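The values are calculated or read from the model by the stated rules, or taken from the named source; none is laboratory data. Quick caveat: nothing in here was measured; it's all calculated off a predicted structure. Virtual Cβ from ideal backbone geometry, glycine too; neighbours counted across all protein chains shown. Remember, those area values only see protein heavy atoms, side chains included, never the ligands or the DNA or RNA. Shrake-Rupley method; radii C 1.70, N 1.55, O 1.52, S 1.80 Å.
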Amino acid sequence: MTDQGGDDPVSVWRVDDPGLLAGYAIPAVVAVRSLVGWGRWLLAPEVATARSAGLWSALAAGFALFLWWLLLRARLEVGPEEIVVVNPWGTQRLRREEVASVRLGTWGAEFHHFDGFKTTAHALSHSAGGRSQDRRLEEVRAALGAGATAKPR
């Protein structure tokens, strides 16, 4: 998975397909229910039908925002000079020479730093895709190449 950003190629990983499907399908189903509610209100404009349609509209917007934040926003970018990890709770930028090793943890790919800290990429978590991420972790390791085994400063 490679995107071209400027002159340098950047490899990008997102949440695996089952997670993306859920991120799009759940809000879509609730939005259809909202549209049905507004259609009923057009046929018989009453306060109760408008309230119900408004509730379903709010639920659709809430699900869409929550699943975007949790699943659709998360990504991992490996560029020639830096690694960008976009998680639901924030974005971390790592220089490639800061990374000592990469392994798969419970919450995603873990980038271990030479100073003992680690950064987790949620886009490669077991729960985000619903299946093993071993193949995708090997893709990340291949993209890192020599940068994953750099010497500490």
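The condition (being touching a helix residue (DSSP H, G or I) at 6+ places or on another chain (Cβ under 6 Å), open to solvent by less than 80 Å² (accessible area, probe 1.4 Å) and not acidic (Asp, Glu)) is satisfied by just one residue among Ala44, Ala123, Ala58, Ala53: Ala53.
Each row is one residue, and each column tells you yes or no for (1) part of a helix (DSSP H, G or I); (2) in contact with a Cys (Cβ under 8 Å, 6 or more places away or on another chain); (3) at pLDDT below 95.
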position	(1), (2), (3)
Gln4	no, no, yes
Val10	no, no, yes
Trp13	no, no, yes
Leu21	yes, no, yes
Ala25	yes, no, yes
Trp38	yes, no, no
Pro45	no, no, yes
Arg51	yes, no, no
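Scanning the stretch 71-88 for residues that are surrounded by 18 or more Cβ atoms within 10 Å (Cβ to Cβ), farther than 10 Å from Arg14 by Cβ, in contact with a helix residue (DSSP H, G or I) (Cβ under 6 Å, 6 or more places away or on another chain) and without any contact (Cβ under 8 Å) to a residue 60 or more places away in the chain returns a single hit, Asn87.
Of all the listed residues (Phe117, Phe111), the sole one being modelled with pLDDT of 85 or more and within 16 Å of Val86 (Cβ to Cβ) is Phe111. Do we have any residue at all in the stretch 109-120 that's touching a strand residue (DSSP E or B) at 6+ places or on another chain (Cβ under 7 Å) and at positive phi? Looking for residues that are touching a strand residue (DSSP E or B) at 6+ places or on another chain (Cβ under 7 Å) and at positive phi, one finds none in the stretch 109-120, hence no. Selection of the stretch 20-65 for residues being in contact with a Lys or Arg (Cβ under 9 Å, 6 or more places away or on another chain) and aromatic (Phe, Trp, Tyr) yields only Trp56. Against the condition within 13 Å of the chain's Cα centre (by Cα) and touching a residue at least 40 places away in the same chain (Cβ under 8 Å), how does Leu144 come out, does it pass? When the stated conditions are applied, Leu144 does not pass them.
Answer with yes or no whether Gly145 is open to solvent by 30 Å² or more (accessible area, probe 1.4 Å), at pLDDT 85 or above and either over 27 Å from Ala22 (Cβ atoms) or in a strand (DSSP E or B) (or both). So Gly145 fails the test. With respect to the conditions (1) free of Cβ contacts under 8 Å to residues at least 12 places away in the same chain; (2) surrounded by 13 or more Cβ atoms within 10 Å (Cβ to Cβ), Gly105 lacks only one, and its number is (1).
Screening Ile26 with (1) closer than 30 Å to His112 by Cα; (2) hydrophobic (A, V, I, L, M, F, W, C); (3) touching a Phe, Trp or Tyr at 6+ places or on another chain (Cβ under 8 Å) gives one miss only, at (1).
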